[in-house]
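Okay, structure first, notes after.
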Amino acid sequence: MAKTETKKRKTNIDLTDSEYYFNRELSWLEFNDRVLHEALDSRTPLLERLKFLAIFSSNLDEFFMVRVAGLKQQVEANVSKLTPDGRDPWQQLVDISQRLRPMIEKQNEHFEQVLRGLLAQENIYLLDYFDLNVEQRTYLQNFYEDHVFPVLTPLAVDPGHPFPYISNLSLNLAVVVREPDTDNERFARVKVPKVLPRFVQLPKELGFYDEKGKPAIWTGVPLEQVISHNLEALFPGMTIQECYPFRITRNADLAVEEDEADDLLLAIQKELRKRRMGGSAVRMEIDQNASHEIKSMLMRELKLDEQDVYNINGLLSLGDLMYFMNLPLPELKDSKWQPIVPPPFQRYREHDNTENQLSVEEKSESFFAEIKKSDLLVHHPYHSFSATVQQFIELAAFDPKVLAIKMTLYRTSGDSPIVNALINAAENGKQVAVLVELKARFDEENNILWARKLEKSGVHVVYGLVGLKTHTKTALVVRQEEDKIHRYVHIGTGNYNPKTASLYTDLGLFSSREELGADLTDLFNFLTGHSRQRSYRKLLVAPVSLRDRMIVLIQRERDRAKKGEKAHIMAKINALVDPAIIRSLYEASQAGVQIDLIVRGICCLRPGIEGVSDNIRVISIIGRFLEHSRIFYFYNNGEEEIYMGSADWMQRNLDRRIEAVVPVEEPQIFKELKQILEIMLADNRQAWELQPQGHYIQRQPADDEPVRSSHQQLMEMALQSSTVT
């Protein structure tokens, strides 16, 4: 009887029930906690630990500027809509605050009590002002008078001076001074200037020495402490009563009414001016020793609640610790990695030596001939970006046989060689069309700059479609060869950005397949013209067909499993949020499909629930590189299929972005992508396993088990496959 009841209960499971979903925001916090763990892990090199502390803080800044700000706006608008996990906006804000406080406390405690001491052991002394001797204080007093004091502007608050505007992410000092004659207390705000380094280094001769008399590599103090201990010059004749640092975070998400904007470029420029000022305050970080009166006054003026205030025991704005990565101490950092040139891209270089240098035409001919032989895969940062993707565009820009270049640019670097190559191509008379996504969050200003530069050079620039972000990473080169036009494509998972290509793991597929060339031609016509293409030969395109096709592929595995056949799904993505995809995965698991998911960040699916997700395993890989590539594998009764592309399994990617996912048909590339998935699933150094309750447990190698680090293995494999650039 008990077995019958259990079976009945399982067949009547409502997969939309909130108990089967994790909250998106809380799941993101769990991801950032894994980032923080890299700073706590003694296996991480010391300066890299500071870097991860900085990344943790920077991630939180953006989280508050966008996600928390959005939730607060919903609360103010009385929005009561529940998320799939059953929380309304107010409950999410409460839960975020409760989950985040111990994480921030852990971060600051570890920095103050562990990392500062470890830095000192390496002859790096980040001191507090109280630790300084008379000579050091005298030097900093002179430094203050010469370099800091002229830049400062104290802003008083009294009946004649309204409360000043506190800019977004600025570090400030809350100062209380007393008039000796009247004993009246006054409040003033002093902004710590960003034009000066956050950390002030002392001269070598005034630095500390170790026990053997060796001079310190670096000795210094935070800039705000230099200011706070020399305030008398700013407030002559007054007595300094209190001085505490605080920091404000404001709503910084753009609200562009695209339907009403005659010119998207002008509309976004207008919103950017608002962002510089910042919207309403959403968070205050303040020294935990600040008086109740100061905190209350700041909360009142900034319209913040108690749960918006984070009391910090130690330094504020730890994102500035990235400063120390500039120290020339390679032994305290990850070993330097030099990307390799994959063999197909190396071949034409073998003939390009000082005795017999190839012309641009010869280089180009050789480069495109390699792509014509077979599809090629690049995997950054293991493979060189400059020798592959960048070379693809640069050669096309000068190749006399190239007629046209079309690209999407979502994010690119400030000194982008890709943009310069496109400008050269236009100046060389080629047809160049570029879709610049102006709505790429926090890169809007940079993208506007490059869009205008491209336009001035004769490039056809398009700013995207109303209501959609263009997130796809695609490039198309049209080349006249003999009496026929050939199209060469690059379809990737990462931005055309050489800087992030050294930090993010991304994939790129080069191909001259006619169907892919035709698909990209149709896609660019859709992006630049009035085309409303609804079907593609090979590409899966969002918001047209991607979600539906992914669900069909998942359901196909489900149906195979129901027949008793082997069924297996593997996916590597950055985030899994979409309820429809999650329900399909649950149904597949219930049917017996083995599902292995590698989800770097947010995962709203709950694995390991009896009768729902018993067959689903979720891991997250966190390490020296940021996992950014997306791969989708389906067993398909032995006729395996693999796809790669720009889209995560999120509503925004599937419904509100232009995305492209491509099927991989070249056997060798298929093998390589499947191997990447298998390496990551076997990782026992950087992998974290998601538990049914929502927390993650880091895998640890057994005593008799070798350490398997995904990033290390992939670097070693790359080195074995080719010579270093």
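Going through the stretch 555-658, which trypsin sites (Lys or Arg not before Pro) have at most 11 other Cβ atoms within 10 Å and a DSSP loop state? Counting only loop positions with at most 11 other Cβ atoms within 10 Å, the trypsin sites (Lys or Arg not before Pro) in the stretch 555-658 are 563.
Which ordering of 242, 205 is given by a fewest-first count of other beta-carbon atoms within 10 Å?
Listing 242, 205 from fewest to most nearby Cβ atoms yields 205, 242.
Look at the alpha carbon pairs under 8 Å that are at least 6 residues apart: their mean separation over the length of the chain gives a relative contact order of 12 percent. Using the Cβ-Cβ distance between residue 214 and residue 682 with R0 = 51 Å, the FRET efficiency computed as 1/(1 + (r/R0)^6) comes to roughly 0.70.
Dimensions of the chain along the principal axes, based on C-alpha atoms and rounded to the nearest Å, stand at 91, 86, 63, largest first. In this structure, residue 19 and residue 118 have a Cβ-Cβ separation that, at R0 = 45 Å, corresponds to a calculated FRET efficiency of about 0.55.
Positive-end ranking of 240, 412, 486 along the dipole of the chain, with charges on Cβ about the Cα centre, is headed by 486. Taking packing as the residue-averaged number of other Cβ atoms within 10 angstrom, the listed peptides 71-84, 161-174 run from highest to lowest as 161-174, 71-84. Straight-line cross-link partners of residue 566 among the aspartates and glutamates, defined as a Cα under 13 Å from its Cα and at least 8 positions apart when in the same chain: 557, 639, 640. Working note: Karplus 6.51/-1.76/1.60 with θ = phi - 60° gives the stretch 322-328 the couplings 4, 3, 6, 5, 7, 5, x Hz, where Gly and Pro are set to x. Placing pseudo-labels 7 Å out from each Cα toward the beta carbon at residue 185 and residue 297 gives an inter-label distance of 0.8 nm. Distance between the 7 Å Cα→Cβ label points at residue 386 and residue 201: 2.5 nm. Between residue 333 and residue 313, the FRET efficiency estimated from the beta carbon spacing at R0 = 30 angstrom works out to 0.60.
Which entries of 430/456; 372/401; 336/499; 372/473; 372/484 have Cα-Cα distances beyond 18 Å here?
372/473
Subtracting the Cα-Cα distance of residue 95 and residue 485 from 0.36 nm times their residue separation leaves 134.6 nm of extension gain.
Between residue 199 and 223, the built amide H atoms are under 5 Å apart, and every one of these is 5 or more places off in sequence or on another chain. Straightening the chain between residue 703 and residue 453 buys 84.2 nm, computed as 0.36 nm per residue apart minus the Cα-Cα spacing.
May I have the count of lysine pairs in the stretch 19-332 with C-alpha atoms under 19 Å apart, counting pairs 8 or more residues apart or located on different chains? Taking the stretch 19-332 as the scope, the lysine pair count is 9. Phi angles across the stretch 679-695 convert, under the Karplus curve 6.51 cos²θ - 1.76 cosθ + 1.60 with θ = phi - 60°, into 3J(HN,Hα) values of 4, 6, 5, 9, 4, 10, 10, 10, 8, 10, 9, 6, 9, x, 7, x, 8 Hz, Gly and Pro given as x. Taking the Cα centre of the stretch 19-332 as origin and assigning +1 to Lys and Arg Cβ atoms and -1 to Asp and Glu Cβ atoms, the resulting dipole is close to 300 debye. Run through the DSSP bridge list for the chain and note the antiparallel percent, rounded to the nearest 5. Taking every DSSP beta bridge with both residues in the chain, the antiparallel ones total about 70 percent. Peptides 536-542, 693-699, 487-493, ordered by how many other C-beta atoms sit within 10 Å of their residues on average, highest first, read 487-493, 536-542, 693-699. Report summary: the helix-based calculation at 222 nm, which adds -39500 (n - 2.57) for every DSSP H run with n ≥ 4 and divides by the residues of the chain, gives -10500 deg cm²/dmol. Among the chymotrypsin sites (Phe, Trp or Tyr not before Pro) found in the stretch 36-67, not one is both in a DSSP coil and sparsely packed, with 11 or fewer other Cβ atoms within 10 Å of its Cβ. Taking every DSSP beta bridge that has both residues in the stretch 541-721, what percent is antiparallel when rounded to the nearest 5? Rounded to the nearest five, the antiparallel share is 60 percent.
Projected label points at residue 640 and residue 306, each 7 Å from Cα along the beta carbon direction, are separated by 5.7 nanometres.
Readers should treat all values here as calculations from the given coordinates under stated rules, not as data from a laboratory. No experiment lies behind these values; they were computed from the predicted model shown. Heads up, the Cβs are rebuilt from the backbone with ideal geometry, glycines too, and the neighbour counts pull from every protein chain shown.
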